[in-house]
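The values are calculated or read from the model by the stated rules, or taken from the named source; none is laboratory data. All values reported here derive from a predicted model rather than from experimental measurement. As a convention, Cβ positions derive from the backbone with ideal geometry for all residues, glycine included, and neighbour counts pool all protein chains shown. Protein only, heavy atoms only, side chains kept; ligands, DNA and RNA dropped before computing areas. Shrake-Rupley method; radii C 1.70, N 1.55, O 1.52, S 1.80 Å.
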Amino acid sequence: MTVRALLNELGNRLEGAHKPSQEAYWLLAKALRTSSQGLLLRLGEEVAPEAEIRARSWLERRLEGYPLQLLLGDVEFCGLSLEVREGVLIPRPETEELVEIGLGLLTPHHRPKVLDVGTGTGAIALAIKHARPDAEVWATDIDPAAVELARANASRLELELRVLEAPFTAGLAGFELVISNPPYLPEAYRQEAPPELAFERDTALYSGPDGLSMPRGLLSQAQKALKPGGWLALELSPDNAPTLAEEAISQGWQGVRVRADLRGRYRFLVAQSPTRSSP
């Protein structure tokens, strides 16, 4: 069977399962140990039997709902190639918007100190360090597997990142920015969640009845970690971002606002720690 014929077959099966046919390019390219562009240069070649077996095996797993990113073993995030592993949250494209917000908040600061809470793969922390080499970037996570993976990604990308196995802010202080994509799905969402989520760690996804248990905890601790006038930036469910914004205001945060993502959903919360001169 030629590369073209197998590519068409894989794409048709994916479309029949209501998944993007484009995924066939990535799966077959990985099976042939080449790039997507390299695949296009080999369309007329015969596929080696072992590569065909690999591609068909991965396709079956994909049709069962296994995440494409885990089959490929990596994901691109803010221009960085990050290793992903089962059990650690896969970075999503919308979180790149959170990074942009965080970088905007850091614009006035020289050599800022940044903390990424619940770092997972290290995606947010590493993207900020890559964009701001002068920043001192820390990251925390309670999952040892996530801590190991974040450190591995930092080492492979040759980016300095200080990763701690600890909850929330780990008692650290003196930051210009605390940033996080915390678990924010309500428990009830388990009933309608796509099959791909079954391969990710529950505690990285679900956060109590309303999805705010962990974000509330972080909100109450972040002020101690921030310098006066420092910023907190969170990614949240559009269903509960306004609720947490109201709670932030009641706790004395300043400059509280909810920002929409590119699809117009109110997904991001930013809040400023009170300055010393504040009443």
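Built from the Cα atoms of the stretch 186-276, the convex hull projects on average onto 6.5 nm², one quarter of its surface area. What does the charge count around Val270 come to, taking other residues whose C-beta lies under 10 Å from its C-beta (Lys +1, Arg +1, Asp -1, Glu -1)? Spelling it out: positives minus negatives among the neighbours equals +2.
If the Kirkwood radius is taken over C-alpha pairs of the stretch 127-279, then at 25 °C and 0.890 mPa s the Stokes-Einstein diffusion coefficient equals 148 µm²/s.
Rounded to the nearest 5, the antiparallel percentage of DSSP beta bridges internal to the chain is 45%. Of the GluC sites (Glu not before Pro) found in the stretch 168-203, those that fall in a DSSP loop while having at most 14 other beta-carbon atoms within 10 Å are Glu192. Of all beta bridges that DSSP places with both ends in the stretch 50-205, some 25 percent have antiparallel geometry. Rounded to whole Å, give me the distance from the Cα center of the stretch 218-276 to that of the stretch 1-68. Answer, in whole Å: 43.
Calculated accessible area for the stretch 1-98 comes out at 51 Å² per residue, all protein chains present (probe 1.4 Å; ligands, DNA, RNA ignored). Excluding residues fewer than 8 places away in the same chain, name every one of the lysines whose C-alpha is closer than 19 Å to that of Lys19. Straight-distance partners of Lys19: Lys30.
What does the charge dipole of the chain about its Cα centre add up to, to the nearest 20 debye, if the Cβ of each Lys and Arg holds +1 and the Cβ of each Asp and Glu holds -1?
Computed charge dipole of the chain: roughly 580 debye.
Looking at the stretch 160-279 alone, DSSP beta bridges between its own residues are antiparallel in about 60 percent of cases. Of the accessible area of the chain, computed with a 1.4 Å probe over protein heavy atoms only, carbon and sulfur atoms account for 51 percent.
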